[in-house]
Amino acid sequence: MTPDPKDNLKFEIGHVLFIDIVGYSKLLITQQSEQLQKLKEIVRSTEQFRLAEAEGKLLRLPTGDGGALVFRTNPEAPVLCAVEVSKAIKSHPELRVRMGIHSGPVNEVTDLNEQANMAGAGINLAQRVMDCGDAGHILLSKHVADDLEHYPRWQPYLHDLGECEVKHGVRIGLVSFYADGFGNPELPGKLRAMTKHQAKRRLAMIVVILLALIAIVTGVTLCSRGSKLTIAPPDKSIAVLPFENRSEDKANAYFADGIQDEILTRLSKIADLKVISRTSTEHYKSAPENLPEIAKQLGVAHIVEGSVQKSGDAVRVNVQLIKAANDSHLWADTFDRKLTDIFAVESEVAKTIAEQLQAKLTGQEEQVIAAKSTDNPDAYDAYLRGLAYVQKTARSSANDVAAQKYLREAVRLDPKFALSWALLSFVDATGYISLSLQPTTELREEARQAAETALNLQPDLGEALIANGYFHYACLKDYDTAERYFEQARQLMPNSSLIPQSMAYLLRRKGQWDRSESYFIDAERLDPRNVGLSIQHALSYISLRRFPDALRKLDQVLNMTPDDPYPVALKASIAQLEGDLPRAAALLAPLHPSAENTQVLETQAYQAILERQTASIILRLQEILADPDPALGYNIGDLRFYLGWAQEVAGDHAAAQESWRRVRNELEPLLKEQSGNYLLISALALTDVGLGDKAAALTLAENAMAGNPIEKDAVIGARPLEILARVAAQIEEPDRAIAAIQKLLSIPYSGPMTRQLPLTPALLRLDPMFDPLRNDPRFQKLCQEQLK
């Protein structure tokens, strides 16, 4: 009987902590009861236990002499819980406890007593890991240790033990987790029992492996300080570089890009491979000379290069698979086909590469690789043209509109083209939430219909699940439903960086900042050179006011794109938040952004306002706004608001009033169709208060707070509250202003203007909008507080 594919979706990744009391069976019955009760009290008192249980993300499995905790939160949760338990039992020497941790597939079931239970390899292996330890040990599977290796704070506590043989001759990789105050630094007895011959063989093998890895560039490297190991990339890891367009018509570049993307996408659906996302490979040349260095940057062992030549309905595709360490060709082939056969080429290439890397394919994966998304070559061509706009590095309204045009054409030509429906919905939903498209009711409805159509046409299409997840996340703010769609999609697209990236964004909206960060790290592993992803990670740190972490992340971005002014402007924004205006000025001085760089321009304008020296920025903004590009949309009003603010700070009240009147005239009509556009609300509310219309300003802020409360959106839910604080300060309602500021300083959030900065005590001291509060002792106290 063929299993129902839907049954597979019941499995999820659980992060399991297995605990038992060593020597439990030798204790007296009363001692067993006492120790088990004490262990339960310790475990239940840990912060990780309480947090996960409060979120409904924890399942407990009693085992008689201990138990298993299945965390459905993040990979760090069982480790943090184990550390808490290990520290607590130091005060109870009678408790001899060992712990094992593994992340793996688990399945929620109902036992004979109709109680919720968990089964699956994830739990079984966690117990095997624990069984290898002695009292005091916290042992991790190698899989968990590899995940923790991405967290700098855990790296010093990971101590590789090699392999341990468990039941049925199975050998599992173990890592001991310890430091002063927790864990057990002693070698487990099972490993000490290795014979001298086995130990010598193991040592010899390690030496050979180390020498071999050192001999190739991407191998193990020992840093001169800290003795940190950089592990060679997995053998089954791969990056697909941009394909060269060899067509006489250079406009066919979109076609070559599309073939590359389709091959990459098919490979990424093979769970046994590690496949780097396109956003990390698109910056490289089609056939670069420094393959070993590129492979090292991307963390892979193999590179795929290719070229595409299209002439009429004839297509030639050249592909080669290269082992990056020594630049040796493992496989190469040329395919001459008709355009109607292009899907067969993409499938054959993906399957051959998987075979060359000895990747194991499930039956479902073989079907996915062989799938043909449309029989209409014109629809496929339109889809590839739309895809090319989606994949452009710079997200813009113009690119999104062009993508919509071609994707709509693709589904018109083939209404059963599920992949194109899914991408159309994704463009609509991402444009809706990022405001690169006008967030109208019509746009939201198209996103819904396209997502549902894709899923109805092809229920097992990962892209369709992602589209439905993004629609619920971006358009409905239904985060729980979105999360379920993303989790289902991950079963079908194990190498998609978009899924952990989407989860990172979603979870910070839910206020689950720690879980969000773990997904950022997961996404960056598959997409290490995605500038947009890294900037979003930095913005999360800024929202949390973790400025050193944000600066480190922005420096990583600048290593990838040294000429990008936006990360530099963000570093200047952090200096502003810390009250260091000279450092901010030094960072901003070399930047000469174009009118499209509104975020950089606004950062420069805000700097001038904080310095209260606005003459130069007034001239610059007037120059830009003299003949603004209509494509800037509401950003024109944003820049004009800053012009009015700068003029007001300069003492030119009449000019400020004129600028603000133009802002109101330009933005008010847009608000009728974009009632949820927080940027419009921010600019209009502050414009109204500048024009003396206090009631209108308060109404906008209060309506925005009611429509998007902090409890529903931890990132932007606080934005209306900051607008209220600014409005209340300006209209001399200090009680409301100070209450709002107190709340804002106590929570992480993303600020209301395009610059997305939260308030800090240092910023309160500098921002002219809060001048009416300067003499209030409560405000003075807030300005002197330290960040928590």
Expected unfolding gain across ALA626-GLU452 under the 0.36 nm per residue rule, minus the alpha-carbon gap, is 58.2 nm
Spin-label proximity, GLU163 to the stretch 336-379 - amide N less than 20 Å from point 7 Å beyond Cα toward beta carbon: 358-360
Under 5 Å between amide H atoms, partner at least 5 residues away or on a different chain: which partners does VAL97 have, H built in plane at 1.01 Å? VAL22, GLY136
Per residue, how large is the accessible surface of the chain? Use a 1.4 angstrom probe and give square angstrom. 45
So what is the relative contact order for the stretch 545-670, in percent, with contacts set as C-alpha pairs under 8 Å and at least six apart? 17
Cα gyration tensor category, rounded, prolate or oblate, for the stretch 397-446 with a/c compared to 1.5: prolate
Using a 7 Å offset from the Cα along the Cα-to-Cβ direction at both GLN367 and LEU619, what is the distance between the two label points in nm, to one decimal? 6.9
State, to one decimal in nm, how far the label point of ARG153 lies from the label point of ALA251, with both points 7 Å from Cα in the Cβ direction. 5.5
Under 5 Å, built H, 5+ apart or other chain: amide partners of LEU461: none
With all protein chains present, the chain has a carbon and sulfur share of its accessible area (1.4 Å probe) in percent of 51
Here the FRET efficiency for THR440 versus ASP580, based on Cβ atoms and R0 = 25 Å and rounded to 0.05, is 0.05
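Assuming 0.36 nm per residue, please report the length gained on full extension of the stretch LYS405 to ALA654 beyond their Cα-Cα distance.
Taking LYS405 through ALA654 to full extension adds about 85.2 nm, to one decimal.
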Which of the pairs LYS274/LYS553; LYS236/LYS269; LYS310/LYS405; LYS285/LYS553 have their Cα atoms more than 19 Å apart in this structure? LYS274/LYS553; LYS310/LYS405; LYS285/LYS553
State, to one decimal in nm, how far the label point of ARG612 lies from the label point of ILE13, with both points 7 Å from Cα in the Cβ direction. 5.3
Most positive-pole-ward Cα, PRO494, VAL390, LEU455, against dipole of the stretch 364-516 from beta carbon charges: VAL390
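Based on the mean of other beta carbon atoms within 10 Å per residue, what is the order of 342-352, 149-159, most packed first?
So the peptides 342-352, 149-159, ranked by packing, come out 342-352, 149-159.
Kindly give the semi-axes, whole Å and largest first, of the ellipsoid equivalent to the stretch 294-398, taking each as the square root of 5 times a Cα gyration tensor eigenvalue.
Three semi-axes, in Å: 25, 20, 16.
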Order by protection proxy (mean Cβ within 10 Å, highest first), peptides 126-133, 40-47: 126-133, 40-47
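State, as an integer percentage, the relative contact order of the chain based on alpha-carbon contacts under 8 Å between residues 6 or more apart. Show your work: numbers first, answer last.
On the way: 1360 pairs, mean separation 50.5, N = 788.
Computed over the chain, the figure is 6 percent.
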What does the highest-first list of 579-589, 81-91 look like by mean Cβ count within 10 Å? 81-91, 579-589
Setting aside same-chain residues fewer than 8 positions from LYS694, which lysines have a Cα under 30 Å from its Cα? LYS672, LYS712, LYS743, LYS781
Normalised by the number of residues in the stretch 238-338, what is the relative contact order in percent for Cα pairs under 8 Å and 6+ residues apart? 30
With +1 on each Lys and Arg Cβ and -1 on each Asp and Glu Cβ, how big is the dipole of the chain about its Cα centre, in debye rounded to the nearest 20? 2260
The size of the Cβ-based charge dipole (Lys, Arg +1; Asp, Glu -1) of the stretch 720-788 about the Cα centre, to the nearest 20 debye, is 220
Provide the gained length on full extension for the span GLU668 to ARG552, in nm with one decimal, where the gain is 0.36 nm per separating residue minus the Cα-Cα distance. 37.8 nm
Tell me which residues come under 5 Å, amide H to amide H, from GLY14 once H is placed; ignore anything under 5 positions away on its chain. GLY104, VAL106
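The values are calculated or read from the model by the stated rules, or taken from the named source; none is laboratory data. Given the structure is predicted, the values throughout are model-derived calculations rather than measurements. Note that each Cβ is placed from the backbone with ideal geometry, even for glycine, and that neighbours are counted across all protein chains shown. Ligands, DNA and RNA are excluded from the accessible area calculation, which covers all protein heavy atoms including side chains. Shrake-Rupley method; radii C 1.70, N 1.55, O 1.52, S 1.80 Å.
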